[in-house]
Structure formats: C-alpha cells, structure tokens
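To keep things clear, I will list the structure first and then write my remarks on it.
The numbers here are math on the coordinates, done by the rules we state, and not lab data. Values in this document were obtained by computation on a predicted structure and should not be read as measured data. Cβ placement follows ideal geometry from the backbone for every residue including glycine, while neighbour counts extend to all protein chains displayed.
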Ligand code: C2O
C-alpha cells in the first residue's frame, strides 16, 4: 500500500476523523497534503517553495524584445483592469502566452520532450517567492519511446453507467483501482503516476520541441482542440492498465451519467470510506477524502439515504442554491442541451479552439469542456479548498475523475451521432501524446488513431438521452425587452470588468435568415478575450432578451450558456492571467425567443464567481 490515499488512510486519521464536517475536512485535507507531498527522497509528489522561477524563455528569437514588450503592455493593461496593482507586473508568461507571431506554425503538436519536463506551478502567483511547485513529470523511460500499436480485433469492453452497475462489477472495479494503488509509486502504471499525468499535461509541466525552431514550448490540453483526444487516450491506457492488473481484458471503466436524472448524484460506490460490499472490511479504493462534504450522502442513520442532486450551475460562492431538486434537474437538462446541441454548432465550438504550438491564438474551451467543468467544481470545491477534483493538478488523484471523464468521452460519441463532424485538419490529426501502456512501455499516440472507438475496443452502455427533449420551450409571445432597452451598445460597454451584471445591446449583421442559410452558416455570439487569473474559479451565465438578473433558472428560452473555469493551482486566489474566448450558438435561441427578425438582441452577463477578476474585451456576432 504505497499510494497516497492508503498512506493518508493509514496515517493518524481513523476513518471517522475524516468526517464530513467542514473543520475536520480542512484538517484532513492539510494532513493529506503534507503526506502526499513528501520530500523527494520519499519519491512522492514533491512540493518546493522556490525563490523565483527562472523567467520563461522567449520563443521568438528574431523579435524577442518586441514580443516581450507586447506582452508587458498587455500585462500592464490587465493590472489596471484587474486592479491588482503590481501583482502581475513581473509575472512569468506561461502557456500559450509564451510565443507570439513569428514562430507560429500550423504543424501538429509533437509528443512532449520528456527531458524538458519541469515541475508544475500550483501556487497563485508564479513569481511569488513562496511559489509552490509539484513534481508531476513521468518516470524516465527505460526503453525507446515507440509508436503505440492498437491491438487488432481487441476484446470488447463495455463501459457501464456508474449508477447501473452490480456488485460483481463494483468488486472488480475496486480490485483494479486497489491494485493500481498498491503498485510502487515509481511504476508508471501505479495510480499515483496515472494521477500525475493530468498534472503534467495540464499545469504546464510538459513541453514540446517546437517543430521549426526547436525551442521547448509549453502547451496545454485544456481550452483547445486537444481536450477530447488527450483525455480519450488517457482513459484508454488507464482502463487497460486496470484490466491488466486484474487479469481481465474485458474490464471497462464506468461512466458518471450526470446528463440523466438517475445519474445526477455522486455514484454510490465512490462514497463510503470502507468497502460498500457486504462482508468486506477493506478501505474503499474509490473513496477520496477531498470532496465537498455537502454533496455526499450524510453518514448518519437518518440521512444516509439523502441524495444531493448534482448541479451543473454550481457557483461555489455562497454554497448550494436552494432550488427544489426538480428545478435543479430541469436546469441540468437544459444546460446539457445548450452545450450538446445549441452551442455545439461545429467542431471548434464543441471540441475547443484550434491551437497550434508556438502561437498566441486559439484559446477557448468548446461547449463540451464547459459542460464538463461543473462536475469538477461541484465534487471537489468547498469555500476553502479545491482539491482534489476542483483544480487541474490534483484532479487525477480522485478516482471519480476517470468516471467523470468516461461521460465526457461519451458526449463526444453522442455529439457525432447527432451529426457532429470532427476536425479534418492535419495539424490536429497528426498531433501526438506520450503515455505508458498497460505493460509499462513508453509509447506515443496520435489524435487520428483515437477517433474510432470500435477500433480502440470499447463502447458505452446505451442509455436514454433525456436532455434531447430538454430544449427550453418556445416563448408564446415575442418580448419587447430588447426593443425597449436603454442598455449601451457593444462599443460603449466593452472592454468591461465583470464585477456586476452587464447588459448590452448587440447589433446583428444579418436578420431573418432563411432555413437554408441557417443550415449553411450558424449565427454565433463570440465573447472575445475573456481574461481571468489562472487559479481563480470564474463563472458567468449568459441570457438573451431577459429582464431577469438573477439567472437561476436555465430551462427557459432566454438561457444561452455558461462560461466557467477550473483553477490550475490550489487555493482560490490569483495567478497568471489567462485569456479565453467563449461562444454561444444563436439560431435556436433566437427562434425560441421569436427574435429572429430583430436587429438588436439584449445580452445579459451575470457574474456568479470571481467576476471582479474577469475582464472581457468585447462581443461580436459571427457566422460559421
Ligand atoms: Cu483534464 Cu476534467 O480535466
């Protein structure tokens, strides 16, 4: 038992001391962290406080000073906008802000250069003298990294919905995760190493060699078109390792079916600290102490059956909303509908913006990633803490992560069956990732090889898609909210800080388009350059032609979409400024609002978390 969880469990905490009260939760969490991040001689996750992180190399050899000054002036403007004084003045530019202009290429992303992997920064301000970093790099391969060969005629694995599994499945699943946790930490197939994969790929530990300049460039698999393929391959190997360890080639991971009412709670098998199976006394390997206790069934006799309904509209601030469960379910279904249908108008809008190594462009999560974010924050975020699920670097340490991502991967499949088409860009298809396979061999894989699930050997248990019927009802009457509004136009309202509700009138370049025009091009509303600190949980909801400024009802035609983030580090504050775009599909919404003939729409942005740290450059309507 060498994994961090079993270490935590076998420490001075008796199971009951990690209770669901908030105080105990805090204690458990910090104790677990200190156990988790042992010094390097223990070969555990290693946190170091560093004096200063060396400045990132500027990628642009030819015009380094000019690109530096571009960034600097931008940072200055952000300081003003964010009102954060000098906090960002000397900030290291990381991620997609590293390179500008000249080194931008449309070549595929190579797999990471493991020799260049560095610790991942997890504390709010990278230049803070107390900045914490964690060692997330994978073990050094002992043999050559080879292209992965997908087995021909693989044994079929059927991934079940987590709320529908039987005892035999739970036993098998627990055995598999227990076996992964029992492997030595240095084994690349151990749960510990598997969990760190997410940290290295998502908190800027990995770098790739720039295909033209040879420079080492940081990148991310979130907020862009790598989100779905990266996580698909990640789960693929995790599942094969789990199956290998229990000698069952049919073993398949469960998926958290949070898009259907019966799946809208934390799946029961993840909840108890000790095995939920009759007659067993072992610790439950699916348990994680770092979850929001408000969202778990209570551990006392009266409330053991209490079920907390998952909330896709979770705001963190102020705790849970007090809406009746049925309202929450309807909200969830409308939220899924918007992200799977209304806003998922094409590959870029569903899967995420195109992102090329070395370019300062294209950051923007697709509707699929935005649909996925709330399960992270709802499971892992409390007022004081966002580990494990609530931030990128530790999310993989909660076994539920892989169950959640099973459902995310499934939405890709569903979206295609509803008519969605993947990217055809060579740069995407030929992009590569590095993993260890089920035998512990180092391999690289391509995006193009994960597009066919049948070839990969798995499929999802079929369930109903109740959200397909959850398109909010059409308004009986046309509203005059936009026509009577005195709200400013875009030019007068932006750039803006989102510290209060913003209402803005947006002019439509074309109106009353015919059905065939709509089929060819979709009308979309684009929020440009949304900037926020990378460690901040940020959320805002968007409504169209609505008088309301509360925004807690989503199953109505006016609700158009939600933007939210997952923090990169622990804590809730600060961090390097990130920029993102966000898109809403307008065709269905405007039809349902009977506003298709209108020249102006009234857009309401309702900040729900971290709004005072968010700035938005502008808004525009586009046709794609
Ligand atoms: Cu890589 Cu759910 O995140």
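Can you tell me the length gained on complete extension of the stretch residue 164 to residue 526, counting 0.36 nm per residue apart and subtracting the Cα distance? Walk me through the numbers on the way to the answer.
On the way: separation 362, 0.36 × 362 = 130.32 nm, distance 3.90 nm.
Answer, rounded to one decimal: 126.4 nm.
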task = Sort 288, 441 so the one with the fewest other Cβ atoms within 10 Å of its own Cβ comes first.
result = 441, 288
note = Placing each pseudo-label 7 Å from Cα in the direction of the beta carbon, residue 489 and residue 280 end up separated by a distance in nanometres of 6.5
task = Using the number of other C-beta atoms within 10 angstrom as an exposure proxy, rank 580, 485 with the fewest first.
result = 485, 580
request  = Using per-residue counts of other Cβ atoms within 10 Å, averaged over each peptide, order 590-596, 211-217, 458-464 from highest down.
outcome  = 590-596, 211-217, 458-464
inquiry  = Could you check the spin-label model distance between residue 155 and residue 594? Points 7 Å from the Cα along Cα→Cβ, value in nm.
reply    = 6.0
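How long is the gain from residue 547 to residue 439 if the chain were fully straight, where each residue apart is worth 0.36 nm and the alpha carbon distance is subtracted?
Numbers: separation 108, 0.36 × 108 = 38.88 nm, distance 5.85 nm.
Fully extending the segment from residue 547 to residue 439 adds 33.0 nm.
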message = Along the Cα→Cβ direction, 7 angstrom out, place labels at residue 462 and residue 383. What is the inter-label distance in nm?
response = 4.8
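Computed FRET efficiency, Cβ-Cβ of residue 326 and residue 106, R0 45 Å: what is it to the nearest 0.05?
On the way: r = 49 Å, r/R0 = 1.08.
With a Förster radius of 45 Å, E is 0.40.
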note = The residues 564, 190, sorted from fewest to most surrounding Cβ atoms within 10 Å, come out as 190, 564
query = Quick one: length gained pulling residue 573 to residue 516 fully straight, 0.36 nm per residue minus the C-alpha distance?
reply = 15.8 nm
request  = Mind giving me the FRET efficiency for residue 142 and residue 454? R0 is 41 Å, r the Cβ-Cβ distance, nearest 0.05 is fine.
outcome  = 0.80
